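*Asks:* Got a structure for you, written out below as structure tokens; questions coming shortly.
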Amino acid sequence: MQSAQVLALNELNNKREAHRTELERRRAEVRRRSAEYAGIEADLQAAGNRLLRSVLNGSRDFESIKEYIQGKQRDKIRVLKGLDLPEDYLDEKFDCGNCHDTGFDENGLKCRCLKELTAKYIVYNSNMTELMKAQTFENFDFSLFSPSTDSKGRSKLDIVRSGFDKAVRFADSVEQGGNILLRGSVGTGKTYLSSCIGNRVLERGKTVYYQTAYKLCEILEKVRFKDDDSEDAAQAVSEKKYAENADLLIIDDLGTEFLTQFTAAALFDLFNTRLMKNKATVISTNLDFEAVNERYSARMTSRILGEYAVITMPDGDLRRKKFE
Ligand SMILES: [Zn+2]
């Protein structure tokens, strides 16, 4: 797993490479079709070297060499026309005219294309699936929740609305840290709401890492038993690092992981590291509070239940079955 900017710069590098290869192919094609062009190319190359020397030596023939080059370039265009090819057939091409696909403009500042590509790879690194990317606050369907009130005068819809508002506030201020425990049975929309949070945070240009608790523990195990040379282990090490440092970590389905003494300790360390760094975390789980108490150590339970704001998705509403 590489940083979004490294991935973006790699993509720009590949673009430049592809343009270079295409230009080479075109040159070879024109050389094949026109012996005159082959001569012009050689003359231009030699004149370019002379021009460089004259600049370095400060000699006076600079202008005359320039004129000579311009003449050769006119010859080149004439040859291209004779072959029924466009004038710019042998010009260097770029996807981005502003930075010539280097990612940086002439003042050394990041070009817009690099920023856009970096944003694309931040989303890629988030590990969120295509389905999850469509699960946004804007698309949230409140009509799935019943408005009929219980004996205390509260409806499922009220409960969901209050959780939703809490989730929006959390996502909009994620840089201040904070943690959410999303509770509820299967099919209550927990994963949906955590995707909404993740998407909002990504829109705000922050980094997100989504992972199921099951897979996360596998990663932590791989880091522990790493064979330093394997690619798999290097991948696990970088994913663990991202889990520790992303602006938002979303752990889905806590309680479904294969829990050993080691994974329990490693999970605790991860939660703790993020709390110390004041980084925001969302955990979703089917477990109720007693089950959390039973499954994890007292240390971990007090961390999770003590430092996390709880959003509970209401149970037992058939209309919610459309979720998940
Ligand atoms: Zn650019």
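*Asks:* Go ahead and run the numbers for FRET between ARG161 and ASN107, Cβ-Cβ distance against an R0 of 45 Å, rounding to 0.05. Mind showing how you got there, number by number?
*Replies:* Numbers: r = 49 Å, r/R0 = 1.08.
After rounding to 0.05, the efficiency reads 0.40.
*Asks:* Taking +1 at the Cβ of each Lys and Arg and -1 at the Cβ of each Asp and Glu, which of VAL292, THR102, PHE170 sits farthest along the dipole of the chain towards its positive end, judged by Cα position relative to the Cα centre?
*Replies:* PHE170
*Asks:* Rg and Dmax of the stretch 69-161 over Cα atoms: what are they, in angstrom?
*Replies:* Rg and Dmax of the stretch 69-161, Cα atoms, are 28.4, 92 Å.
*Asks:* From the phi of every residue in the stretch 287-304, what ³J(HN,Hα) in whole Hz does the Karplus formula 6.51 cos²θ - 1.76 cosθ + 1.60 yield, where θ is phi - 60° and glycine or proline is x?
*Replies:* 6, 8, 4, 4, 5, 4, 4, 6, 7, 10, 5, 4, 4, 5, 4, 5, 5, 5
*Asks:* Based solely on C-alpha atoms, express the radius of gyration and the Dmax of the stretch 4-162 in angstrom.
*Replies:* For the stretch 4-162, the Cα-based Rg and Dmax read 28.9, 97 Å.
*Asks:* Skipping prolines and chain starts, which residues have an amide H placed within reach, meaning under 5 Å, of the one on ILE250, given they are 5 or more residues away or on another chain?
*Replies:* Result for ILE250 returns TYR209, TYR210, GLN211, VAL282.
*Asks:* When the dipole is taken about the Cα centre of the stretch 140-284, and only Lys, Arg (+1) and Asp, Glu (-1) are charged at their Cβ, what size is it in debye, to the nearest 20? Show your work: numbers first, answer last.
*Replies:* Working: 20 positive and 21 negative charges, 157 e Å.
Dipole size: approximately 760 debye.
*Asks:* Would you mind calculating the gained length between PHE225 and GLU203 on full extension (0.36 nm times residue separation, minus the Cα-Cα distance), in nm to one decimal? Don't skip to the end; give the middle numbers.
*Replies:* On the way: separation 22, 0.36 × 22 = 7.92 nm, distance 3.61 nm.
Once the chain is fully extended between PHE225 and GLU203, it gains 4.3 nm.
*Asks:* Using the 10 angstrom Cβ neighbour count as an exposure proxy, how do GLU244, GLU257, GLU290 rank, fewest first?
*Replies:* Details: GLU244 15, GLU257 20, GLU290 8.
The most exposed by this proxy come first: GLU290, GLU244, GLU257.
*Asks:* Sorted from largest down, what three extents in whole angstroms do the Cα atoms of the stretch 121-212 have along their principal axes?
*Replies:* In descending order, the Cα extents are 48, 28, 23 Å.
*Asks:* Could you size up the charge dipole of the chain around its Cα centre, putting +1 on the beta carbon of Lys and Arg and -1 on that of Asp and Glu, and report it in debye to the nearest 20? The partial results should precede the final answer.
*Replies:* Details: 51 positive and 52 negative charges, 97 e Å.
Magnitude of the dipole: close to 460 debye.
*Asks:* While we're on this one: Considering only Cα-Cα distances, which of the following residue pairs are longer than 22 Å: LYS206/LYS226; LYS110/LYS279; LYS166/LYS190; LYS166/LYS241? Walk me through the intermediate numbers first.
*Replies:* Details: LYS206/LYS226 30 Å; LYS110/LYS279 27 Å; LYS166/LYS190 13 Å; LYS166/LYS241 28 Å.
Flagged as over cut-off: LYS206/LYS226; LYS110/LYS279; LYS166/LYS241.
*Asks:* Separate question: At a Cα cut-off below 28 Å, give the lysines reachable from LYS66, other chains included and same-chain residues fewer than 8 away excluded.
*Replies:* LYS76, LYS81, LYS93
*Asks:* Right, another one. Which FRET efficiency, nearest 0.05, do GLU36 and ASN14 yield, Cβ-Cβ r, R0 41 Å?
*Replies:* Values: r = 34 Å, r/R0 = 0.83.
Result of the calculation: an efficiency of 0.75.
*Asks:* So if we plug the beta-carbon distance of SER148 and VAL186 into 1/(1 + (r/R0)^6) with R0 = 25 Å, what FRET efficiency do we get, rounded to 0.05?
*Replies:* Numbers: r = 23 Å, r/R0 = 0.91.
Plugging the Cβ-Cβ distance into 1/(1 + (r/R0)^6) gives 0.65.
*Asks:* Now for a different question. For the stretch 126-322, with the dipole built from +1 on Lys and Arg beta-carbon atoms and -1 on Asp and Glu ones, taken about the Cα centre, which of THR273, LEU144, TYR210 lies farthest toward the positive end?
*Replies:* Most positive-ward Cα: LEU144.
*Asks:* Looking only at the stretch 106-120, which residues have a backbone nitrogen under 15 Å from a spot 7 Å from the Cα of GLU175 in the C-beta direction?
*Replies:* None, by backbone N distance to the label point.
*Asks:* What would the Debye equation give as log₁₀ I(q)/I(0) for the chain at q = 0.06, 0.11, 0.14 Å⁻¹, counting only Cα atoms as equal point scatterers?
*Replies:* -0.39, -0.79, -1.09
*Asks:* Let's see if you can work this out: charge +1 on each Lys and Arg Cβ, -1 on each Asp and Glu Cβ, no other charges. What is the dipole magnitude of the stretch 70-133 about its Cα centre, in debye to the nearest 20?
*Replies:* On the way: 11 positive and 12 negative charges, 9 e Å.
The dipole magnitude comes to about 40 debye.
*Asks:* Taking the 0 to 90 degree range and rounding to the nearest ten, how far is the long axis of helix 35-57 tilted relative to the main principal axis of the chain, both from C-alpha atoms?
*Replies:* So the inclination is approximately 80 degrees.
*Asks:* Would you work out which of LEU9, TYR89, ILE65 lies farthest towards the positive end of the dipole of the stretch 1-93, given +1 charges on the beta-carbon of Lys and Arg and -1 on that of Asp and Glu, about the Cα centre?
*Replies:* About the Cα centre, the residue reaching furthest to the positive side is ILE65.
*Asks:* Please give the peptides 65-75, 183-193 ranked by average Cβ packing (other Cβ atoms within 10 Å per residue), highest first, as a rough proxy for protection.
*Replies:* Values: 65-75: 13.8, 183-193: 21.2.
Top to bottom by mean Cβ count within 10 Å: 183-193, 65-75.
*Asks:* What's the angle, to the nearest 10 degrees (0 to 90), between helix 156-172's Cα axis and the longest principal axis of the chain?
*Replies:* 40
*Asks:* Where does the stretch 8-100 land on Rg(C-alpha)/(2.2 N^0.38 Å)? Mind dumping the intermediate values first?
*Replies:* Details: Rg = 15.7 Å, N = 93, 2.2 N^0.38 = 12.3 Å.
Taking the Cα Rg and dividing by 2.2 N^0.38 Å, one obtains 1.27.
Any read-out appearing in this document is the output of simple, stated calculations on the displayed coordinates, not a laboratory observation. All values derive from a computational prediction rather than experimental measurement. Virtual Cβ from ideal backbone geometry, glycine too; neighbours counted across all protein chains shown.
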